[in-house]
1. In square angstrom, rounded to the nearest 10, how much accessible surface does MET107 have for a 1.4 Å probe?
2. Give the carbon-plus-sulfur fraction of the accessible surface of segment 133-217 in %, rounded to a whole number; probe 1.4 Å, heavy atoms of protein chains only.
3. Probe radius 1.4 Å, ligands and nucleic acids ignored: give me the carbon and sulfur share of the accessible area of segment 1-105 as a rounded percent.
4. Could you report the accessible area of SER140 in Å², rounded to 10, computed with a 1.4 Å probe on the protein chains as they sit in the structure?
5. Any idea what the alpha-carbon Rg over 2.2 N^0.38 Å comes to for segment 29-181?
6. May I ask you to compute the full-extension gain from LEU75 to ARG270, defined as 0.36 nm times their residue separation minus their alpha-carbon distance, rounded to one decimal in nm?
7. Full-extension gain between LEU207 and ASN306, please, as 0.36 nm times their residue separation minus the C-alpha to C-alpha distance.
8. Can you work out D for segment 89-158 in µm² s⁻¹ from Stokes-Einstein, where Rh is the Kirkwood radius over C-alpha pairs, the temperature is 20 °C and the viscosity is 1.002 mPa s?
Amino acid sequence: MFEQLTIKNFKSITEQTMEFGRVNVVIGANGMGKSTLLEAIGLVAANSDLEIDLNKLSQAGIRVARPDLMRNSFLGKPTAKNIEIVLSGYGTSNRYIISPKDTDFVMSPWKVEIKQQKTNLSIFDNAKFIATLSKYEIYSPMLDALRGLSQASARFPLGLHGEDFDVILNMMPEDKKQEVVKYACECISWMDSVAYDENDVLRQAGLKLGRSKSHLFFRDKFMQKKMTMFSAENANEGALVILFYLTLLMSDKTPKFFAIDNIDTGLNPRLCRYLMKIIGKLAEKNDKQMIVTTHNPAFLDGMNLNDDSQRLFVVNRSDEGHTTIKRIKTKPASGDYKNRMKLSEMWMNGLLGGVPTNF
């Protein structure tokens, strides 16, 4: 797995270091730099032949700006000459020095210099480092994509917004598919079963309008049996989002290392808490490493911070506007743990930071 990330001079981050666990949850007020953290990894993941072009950055879900906005450019200080990102894992530490080829060209490609340091020869595997990093994605589900009504992302095999997740789900071994459906049915009270209409039999029977490219169909346990099934076009957002996340976590066709921006989108707070508990189990079981951002305090209540593989980070900005990243740790529960504040309460009360303070 990847162990540590250091970011220098990228957007609002002057210099910050983050030590990874397996599941990394990032919280903070709006505009503090949570997405910037995810994008910093995407920046080096897009490197090819010591160059990064804007098409790759845009396709990877990274917000592209002109060179003087991609590098630190704070009031009263000169614009940083380059961006530095150090990523460590798999027995190696790679330092990426990234600078625009043309500082005056709005759409300038970026050149990359890489300096490598072997940190642990017994587990050194640079090929695995590069292969895992190159498949890194920043996912952000969108309802129309999950329903098969849009193809906004050109990424394969799984779109950044959930495009074609039904295909990935269907490609999983039968026992894995059943496990996905089992967890989904636990999360969504009405869900009885999920089917994949590979040969369009259900569509031809009039159970789908035909606009959606998704082959997923659902059975609602509260509906009359004669109503049979309905398509992804008619499924609610929460059901589709949960299925997407479960597929992402359990398929061997999805990246080993990925990010989800705003993981709570479309989910009830109590469901967010339960989803986090599931993620903690499935990430370990399926050898996935992930970074997620959330604005929903309930998500934190599903975390076990006494498990070092689950880590919580809060992102703030200093008085000068610099993004800061701090890991939150808790002491083991004592005998009076029932009287302790929940993490969600601590966050809402400003005890963790990462909340607006301007009103």
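1. In the full protein context, MET107 sits at about 120 Å².
2. 50 percent
3. Here carbon and sulfur together make up 44 percent of the probe-accessible area.
4. Estimated to the nearest 10 Å², SER140 gives 40 Å².
5. 1.23
6. 66.0 nm
7. Gain in length upon complete extension: 30.8 nm.
8. The diffusion coefficient I find is 137 µm²/s.
The values are calculated or read from the model by the stated rules, or taken from the named source; none is laboratory data. Bear in mind that the values here come from a model prediction, so they are computed numbers and not experimental data. Methodologically, a virtual Cβ is constructed for each residue, glycine included, from the backbone with ideal geometry; neighbour enumeration extends over all protein chains shown. Remember, those area values only see protein heavy atoms, side chains included, never the ligands or the DNA or RNA. Shrake-Rupley method; radii C 1.70, N 1.55, O 1.52, S 1.80 Å.
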